Amino acid sequence: MRAHVFPDYETMSTAAADVVAQGLEENPSMVLMLPTGITPLGMCLRLVEMHRSEGLSFADATFFNLDEYLGLRPDHEASYHVYMKENLYGLIDADPAWIFVPDGAAPDPEAECERYEAAIVEAGGIDVCVLGLGRNGHIGFNEPGAPFDSLTRVVQLSESTRKVNAGDFEADRAPERAITVGMATIFGSKEVLLLASGTNKAGAVAAAVEGDVSESVPASMLKNHPNASLFLDEDAGSDLGRGVAG
Ligand code: GLP
């Protein structure tokens with residue numbers, strides 16, 4: 001995994017948007033996998049800007065989202081469906097028929113996971129997978145301990161993740177479970193771009209980059225990926241080289 005440290009969040013976000021834009025220019029029908037969270041917002045903003053002012057088109061691309069809370073309908077205001085629509089999909093020329101987000105309200109969640117995994121295979125796999133990083137090293141909603149050979153499935157969220165995400169929910173209670181694309185699904189992507197910003201990610205970054213490849217730090221798996229990059233701002237890289245990786 002190649003690590004690139006950028007001076008700040010904005011330059012990191014612009015560089016991430018450039019990776020996506022370049023991929024689209026080379027292959028307009030590329031298959032993208034995208035995260036939610038605060039980290040990718042700068043990249044999304046820049047992509048929307050490139051769409052509006054430079055004519056960057058997403059019309060032939062396919063989009064998959066990494067995860068969704070279990071139990072939330074697609075129109076729930078804290079759902080990742082709504083989040084992605086408001087921050088990207090609704091602001092570009094993406095074709096709604098080619099936007100996939102796991103359905104957290106599916107009557108049979110296991111069947112929904114199988115359907116989602118099959119849709120990825122049907123699309124020919126993921127060309128570029130952009131990831132955020134949890135403070136505990138999670139990617140998507142693959143929490144520490146997630147098997148590297150896992151596919152899209154229902155997972156239990158850790159208490160720490162629920163606490164970090166609690167503010168988006170009434171009475172500060174985040175759902176206990178989610179649907180996430182699996183570790184093997186992510187690993188099968190042709191290119192992976194992991195983004196991390198801020199000092200609260202510095203420990204997870206150091207553990208992923210400098211610690212052993214271990215299921216206890218999900219992002220460490222990417223060190224074995226043939227084409228993975230880590231884009232960081234200086235704050236997120238502030239624990240690197242200090243020998244503090246656990
Ligand atoms: C959430 C999401 C992840 C995201 C991560 C980091 O729990 N499920 O896909 O990458 O947390 O979020 P943020 O970028 O807001 O720190």
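The values are calculated or read from the model by the stated rules, or taken from the named source; none is laboratory data. The shown structure was predicted, so the numbers you read here are calculated from the model rather than taken from an experiment. All Cβ positions, even for glycine, are placed from backbone atoms using ideal geometry, and neighbour counts span all protein chains on display. Keep in mind that these areas ignore ligands, DNA and RNA; they rest on the heavy atoms of the full protein, side chains included. Shrake-Rupley method; radii C 1.70, N 1.55, O 1.52, S 1.80 Å.
Answer with one residue from A3, I126, G104: the one whose Cα lies farthest towards the positive end of the charge dipole of the chain, charges on Cβ with Lys, Arg +1 and Asp, Glu -1.
With unit charges placed on the Cβ atoms, the residue in question is A3.
List the residues whose amide H sits under 5 Å from the amide H of F64, counting only those 5 or more places along or on another chain, with H placed 1.01 Å from N in the peptide plane.
L32, M33, L34, F100
From the phi of every residue in the range 187-195, what ³J(HN,Hα) in whole Hz does the Karplus formula 6.51 cos²θ - 1.76 cosθ + 1.60 yield, where θ is phi - 60° and glycine or proline is x?
4, x, 5, 5, 9, 10, 10, 9, 10
In whole Å, largest first, what are the principal axis extents of the Cα atoms in the chain?
47, 41, 34
If you take the beta carbon distance between R177 and T11 as r and set R0 to 45 Å, what does 1/(1 + (r/R0)^6) give as a FRET efficiency, to the nearest 0.05?
Result of the calculation: an efficiency of 0.80.
Whole-Hz ³J(HN,Hα) for each residue in the range 179-185, computed from phi via Karplus 6.51 cos²θ - 1.76 cosθ + 1.60 with θ = phi - 60°, x for glycine and proline: what do you get?
Whole-Hz 3J(HN,Hα) from phi for the range 179-185: 9, 10, 4, x, 5, 5, 4.
Work out the length of the dipole vector of the chain about its Cα centre, built from +1 on the beta-carbon of each Lys and Arg and -1 on the beta-carbon of each Asp and Glu, and round it to the nearest 20 debye.
For the chain, the charge dipole is close to 480 debye.
Ordering Y69, Y80 by accessible area with a probe of 1.4 Å, largest first, what comes out?
The residues order as Y80, Y69, largest area first.
Once you have a ≥ b ≥ c as the square roots of the Cα gyration tensor eigenvalues for the range 3-55, tell me rounded if a/c is under 1.5, and otherwise prolate or oblate according to whether a/b is larger than b/c. Please list the in-between numbers first.
Numbers: a/c = 1.57, a/b = 1.45, b/c = 1.08.
Because a/c hits 1.5 or more and a/b exceeds b/c, the range 3-55 counts as prolate.
Enumerate the calculated ³J(HN,Hα) couplings along the range 219-231 in order (Karplus 6.51 cos²θ - 1.76 cosθ + 1.60, θ = phi - 60°), each rounded to whole Hz, writing x wherever the residue is Gly or Pro.
Each residue's phi maps through the Karplus curve to give 5, 5, 4, 5, 5, 8, 7, x, 9, 10, 10, 10, 9 Hz.
Name the residue from T152, M43, N165 whose Cα lies farthest towards the positive end of the charge dipole of the range 2-233, charges +1 on Cβ of Lys and Arg and -1 on Cβ of Asp and Glu.
N165
Counting DSSP beta bridges in the chain, what percent are antiparallel, to the nearest 5?
On the way: 8 of 30 bridges.
The antiparallel proportion sits near 25 percent.
Would you work out the charge dipole size for the range 35-130 about its Cα centre, treating the Cβ of every Lys and Arg as +1 and the Cβ of every Asp and Glu as -1, and quote it to the nearest 20 debye? Don't skip to the answer; put the middle values down first.
On the way: 5 positive and 18 negative charges, 78 e Å.
Here the range 35-130 has a charge dipole of around 380 debye.
Restricting to DSSP loop positions (anything but H, G, I, E, B) with no more than 10 other Cβ atoms inside 10 Å of their own Cβ, which trypsin sites (Lys or Arg not before Pro) remain in the range 151-246?
Passing sites in the range 151-246 are R173, R242.
Could you tell me the distance between the Cα centroids of the range 1-54 and the range 174-199, to the nearest Å?
16 Å
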